[in-house]
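Chemist: Here it is, the structure in full.
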Amino acid sequence: MTSPLERPAELSSPIPIQILLALFGCFLVLAEGAFAQWKVFFVAGPLLVLAYVFYMNLFFSNQLSIIAVFLIGLFSELMFFEMLGMNATALVLVALITRWRSPVLIHSDFLEIWSAFSLIVLFFSSFKMVIYFIAYLSLPAISDIFLQVGMTILLFPIFYVLLVSAASAGQFILRTKMDSRIR
Amino acid sequence: MAGRTGRMRAAQPRRFLHLIIILLGFALIFVGKADMLAVRTVQTGFSALFAPLFNVVATPVRAVETMFEGMRTVASLREETVRLRAENERLKRWQRRSEILESENRQLRTVLGAVIPADRQAVTARAIAAPGSSFSHTMMITHGTDKRIHRGDPVVTADGLVGYIIEASKRHSWVLMLSDVNSRIPILLSTSSWPGLAIGQNSDMLSLSFLPLEAVPKENELVLTSGHGEILPPGLPVGRVIKGVGREYYIQPVVDLRKVSFVSILVRPEGQGVTEIGGFADFFTPLPETDNKRLLEGFSTKDVLQ
């Protein structure tokens, strides 16, 4: 029986990648907040984190755990003084629904993915609205919410292309790194 | 079959974990709603900790916005110039308009404090034609009989008497100014109560005439309308006494007649005729018995001055 220190290093562990992807999610939280400074996105910034969680759980569900999703949501709430737990829970539910639908969607064309994402955005906003209503017995500005939903759905193709490119680049870098290690 | 059962067994702890996470999320919602001080402190500390990082991320985003803003500005520079020129023109027009209004306001203020006798009503009018020569000191004003302006109505400003109406059409009237050679205003001296007549000379001075022989007007003494003849109400300031050569006295009108733009016409209330004017009695006081040398009855201007 060898001690953990004597065991060979686990070079193919997915944990560093998962941490990096979770950190990228946190970065997107900050970027989402930064984009809200643009006049065009004022109170209706696109939900970048939601698109990211949707994409990752659709194609790389093993790389972004539910805990990471929860923590990303929590980070967003702590960072921007949102209602604690609301965003995190909504993101976790989105991740679970996406994982549940991923076997079907993964083989679908882009339009179907886009439609699914639209439904997810609607669900995400509706869930948050319900929680908000239960908590405060009032509704926020519906027009702003619709604007944000519309903006997120409309900008999803751009974000999708960017994520596909980033994922391909990441996979290429990792493959190159692994190949050099094997050699 | 065995493989499927194995997969289901492996998925069970994961589902349990997911359930725990969702419940944790709802618990957090309740905790957040409780608005506990600890939660707020954590939130504050956390956002303060990551604020510099957020600033770093936001800087390029802001820079992009600035860049787009700059591009938009450059693209719309020509359009902006045209717009600014038009705006400049409009502002210049407004400036001129404001200068006109300011001047008009200043002029209107001159009639605001005019003394209005109790039995008269003031109608404000604009002078639209000033005397064009020294041969006739008359001016045309807006408003006429449509505003109950009639011949004989006194025309005043806040400073005092300007003249009286000599002609009134439906919408315009003509004012005979104090300084006109045809003007005869019954007056009395405010402190000594000597009566007299202010006669226009088509100059900037009026002649003080028909004074009793024993009257000695004081320099700078105020001259008021006496109300004799019941054409003009008594007590309207006319001018100040200026001593001439020997027993010649002149009156300097209190109103600068060259600068009259707005005037008040003291019209009679509706249904009141000329004979019904009773202001004369308010200023009439009999002379003291011991001092009965005057040819005309004296007037007390004490009430007017108060």
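The values are calculated or read from the model by the stated rules, or taken from the named source; none is laboratory data. As the structure is a computational prediction, the values presented were derived from the model and not from experiment. Glycine also receives a Cβ, built like all others from the backbone with ideal geometry; neighbour counts cover every protein chain displayed. In case anyone asks, the SASA skips ligands and DNA or RNA and just uses the protein heavy atoms, side chains included. Shrake-Rupley method; radii C 1.70, N 1.55, O 1.52, S 1.80 Å.
Chemist: Examine the stretch A:32-55 for a residue that is surrounded by fewer than 16 Cβ atoms within 10 Å (Cβ to Cβ) and hydroxyl-bearing (Ser, Thr, Tyr), and state whether such a residue exists.
Modeler: Within the stretch A:32-55 (the criterion being surrounded by fewer than 16 Cβ atoms within 10 Å (Cβ to Cβ) and hydroxyl-bearing (Ser, Thr, Tyr)), the answer is no, since none of the residues qualifies.
Chemist: Test A:Leu96 against the stated conditions and say whether it is facing chain B (nearest Cβ under 8 Å), part of a helix (DSSP H, G or I) and open to solvent by less than 60 Å² (accessible area, probe 1.4 Å).
Modeler: yes
Chemist: Report, by residue number, each residue of the stretch A:99-109 that is open to solvent by 40 Å² or more (accessible area, probe 1.4 Å) and assigned to a loop (DSSP other than H, G, I, E, B).
Modeler: Matches in the stretch A:99-109: A:Ile106, A:His107, A:Asp109.
Chemist: Pairs needed: first member in the stretch B:54-72, acidic (Asp, Glu); second member anywhere, part of a helix (DSSP H, G or I); C-beta distance under 8 Å; at least 6 residues apart or different chains.
Modeler: Close Cβ pairs satisfying both conditions: B:Glu65/A:Lys39.
Listed here are the residues, each with its yes/no results for (1) charged (D, E, K, R); (2) within 22 Å of B:Phe26 (Cα to Cα); (3) more than 12 Å from chain B (Cβ to nearest Cβ).
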site	(1), (2), (3)
A:Ala44	no, no, yes
A:Ala51	no, no, yes
A:Leu58	no, no, yes
A:Asn62	no, no, no
A:Phe75	no, yes, no
A:Gly85	no, yes, no
A:Ala90	no, yes, no
A:Leu122	no, yes, yes
A:Phe127	no, yes, no
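Chemist: Being in contact with a Leu (Cβ under 8 Å, 6 or more places away or on another chain) and open to solvent by 30 Å² or more (accessible area, probe 1.4 Å) is the filter here; which residues of the stretch A:110-126 pass it?
Modeler: Result: A:Glu112, A:Phe123.
Chemist: Go through (1) within 23 Å of A:Val130 (Cα to Cα); (2) within 9 Å of another protein chain (Cβ to nearest Cβ) for A:Phe117 and report which single condition fails.
Modeler: Against the list (1) within 23 Å of A:Val130 (Cα to Cα); (2) within 9 Å of another protein chain (Cβ to nearest Cβ), A:Phe117 comes up short only on (2).
Chemist: Just the residues that are at negative phi and more than 34 Å from the chain's Cα centre (by Cα), please, taken from the stretch B:229-248.
Modeler: Matches in the stretch B:229-248: B:Lys243, B:Gly244, B:Val245, B:Arg247, B:Glu248.
Chemist: Going by the structure shown, is B:Thr81 under 27 Å from A:Tyr132 (Cβ atoms) and more than 11 Å from chain A (Cβ to nearest Cβ)?
Modeler: Against the criterion (under 27 Å from A:Tyr132 (Cβ atoms) and more than 11 Å from chain A (Cβ to nearest Cβ)), B:Thr81 does not qualify.
Chemist: Restricting to the stretch A:29-80, what's the tally of residues that are over 24 Å from B:Arg40 (Cβ atoms), free of Cβ contacts under 8 Å to residues at least 40 places away in the same chain and outside any helix (DSSP H, G or I)?
Modeler: 3
Chemist: Please find, among B:Arg40, B:Arg62, B:Arg106, the residue that is open to solvent by 80 Å² or more (accessible area, probe 1.4 Å), in contact with a helix residue (DSSP H, G or I) (Cβ under 8 Å, 6 or more places away or on another chain) and modelled with pLDDT under 80.
Modeler: Selected residue: B:Arg62, the only one of B:Arg40, B:Arg62, B:Arg106 that is open to solvent by 80 Å² or more (accessible area, probe 1.4 Å), in contact with a helix residue (DSSP H, G or I) (Cβ under 8 Å, 6 or more places away or on another chain) and modelled with pLDDT under 80.
Chemist: Being free of Cβ contacts under 8 Å to residues at least 40 places away in the same chain and either touching a Ser or Thr at 6+ places or on another chain (Cβ under 6 Å) or exposed (fewer than 12 other Cβ atoms within 10 Å of the Cβ) (or both) is the filter here, so list the residues in the stretch A:131-144 that pass it.
Modeler: Matches in the stretch A:131-144: A:Ile134, A:Tyr136, A:Leu137, A:Ser138, A:Leu139, A:Ile142, A:Ser143.
Chemist: With the structure loaded, tell me whether A:Phe70 is closer than 16 Å to A:Leu48 by Cβ, within 11 Å of another protein chain (Cβ to nearest Cβ) and touching a helix residue (DSSP H, G or I) at 6+ places or on another chain (Cβ under 8 Å) or whether it fails that test.
Modeler: No: the conditions fail for A:Phe70.
Chemist: Does at least one position in the stretch A:155-168 carry a residue that is in contact with a helix residue (DSSP H, G or I) (Cβ under 8 Å, 6 or more places away or on another chain), open to solvent by 80 Å² or more (accessible area, probe 1.4 Å) and in a helix (DSSP H, G or I)?
Modeler: Checking the stretch A:155-168: not a single residue is in contact with a helix residue (DSSP H, G or I) (Cβ under 8 Å, 6 or more places away or on another chain), open to solvent by 80 Å² or more (accessible area, probe 1.4 Å) and in a helix (DSSP H, G or I).
Chemist: Return the total of residues in the stretch B:163-206 being open to solvent by 10 Å² or more (accessible area, probe 1.4 Å) and under 13 Å from B:Gln252 (Cα atoms).
Modeler: So the count comes out to 6.
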